[in-house]
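To start, the structure itself, in structure tokens.
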Amino acid sequence: MVASVATSLVIQQQTQAKLHAKDKELRQQNDQVAQLTSETQRLSDLLAQSRSSLPDDRLRELLRLRGQVGLLRQQTNELGTLRDENRRLRAALASRKNAQSKEDDPAAEDQKQEAIAKMNYAKWWVLAFHLYAEKNQGQFPTNFDLAMPFLPDEAKVEHNLRPEEFLPGTPKYGLTPDRFEMVYQGSLNTITNPQNIIVMREKQARSGYNGGWARAYGFADGHSEIHVSQDGSFDTWERSRLISPPSPNP
């Protein structure tokens, strides 16, 4: 990781040095064009006023300057293209710096690991719901305790820890049933679009996630998501993804 960061910094410094050199070259070329254009115009005016009386050496000087101006104008056009390329490289360099800053940000890495842990936890629970349904006529459990026997052991790590207890070198993300809620308890067979239906979710959204609020969800097809809301409201997004089980027949 350290070697990668050092290499990135060297590349960035080399790129910046090249950009500065090209900019300096452009400015010098523009100054030369301006000076030669002014001198050529002065001599052209003299030629127009008295072409026959202009000394040969001044005429040759005029022709030489005109040639230099034409060449420098061509070079300036090429350098203008190079300037556009420099701008593109600067933008790419700035984008790379931003991406590198995010990668080096410990808080961002912690958020990423927490999101992964919560999505895995939600997927394990949905799997347990499915296994329970297989043995209960396709009906999802009505509480977490009923599905607990089907939950894999790796999902129970935090279940067995006291509030003040941590495993060595391992953070806690609130991966316990009391931090989540079941929002669908009906028949799996009545869900026609399981990939879009939420069956469990985190009770409380987490603040400070990429400038907003984040909440973990488990879906009926077994996948999980972290949804981010900038204003902390999830109602609109959830509304089309929640269903109520059908009322039992009288």
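The values are calculated or read from the model by the stated rules, or taken from the named source; none is laboratory data. Worth saying up front: this structure is predicted, and the values here are computed from it rather than measured. Cβ: placed from backbone, ideal geometry, glycine included. Neighbour counts: every protein chain shown.
Details
- Extreme residue, farthest from Lys123 (Cα to Cα), among residues of segment 187-226 that are of a type in the set (Val, Ile, Thr) and in contact with a Lys or Arg (Cβ under 8 Å, 6 or more places away or on another chain): Ile197
- Tyr173 being of a type in the set (Phe, Trp, Tyr), out of contact with any strand residue (DSSP E or B) (no Cβ under 9 Å at 6 or more places or on another chain), assigned to a loop (DSSP other than H, G, I, E, B) and in contact (Cβ under 8 Å) with a residue 40 or more places away in the chain: yes
- Of the residues in segment 105-118, at least one is at pLDDT below 75, more than 20 Å from Gly218 (Cα to Cα) and surrounded by fewer than 16 Cβ atoms within 10 Å (Cβ to Cβ).
- Residue ID - surrounded by the fewest Cβ atoms within 10 Å (Cβ to Cβ), chosen from residues in segment 119-155 that are hydroxyl-bearing (Ser, Thr, Tyr) and either touching a Lys or Arg at 6+ places or on another chain (Cβ under 8 Å) or more than 19 Å from Arg215 (Cα to Cα) (or both): Thr142
Condition check ((1) under 29 Å from Glu154 (Cβ atoms); (2) at pLDDT 95 or above; (3) surrounded by 15 or more Cβ atoms within 10 Å (Cβ to Cβ)) across all residues:
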| site | (1), (2), (3) |
| --- | --- |
| Asp178 | yes, yes, no |
| Ser187 | yes, no, yes |
| Tyr209 | yes, no, yes |
| Gly212 | no, no, yes |
| Ala220 | yes, yes, yes |
| Gln230 | no, no, no |
| Phe234 | yes, yes, yes |
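- Test result for Glu238, within 26 Å of the chain's Cα centre (by Cα), of a type in the set (Asp, Glu), surrounded by 18 or more Cβ atoms within 10 Å (Cβ to Cβ) and under 23 Å from Gln111 (Cβ atoms): no
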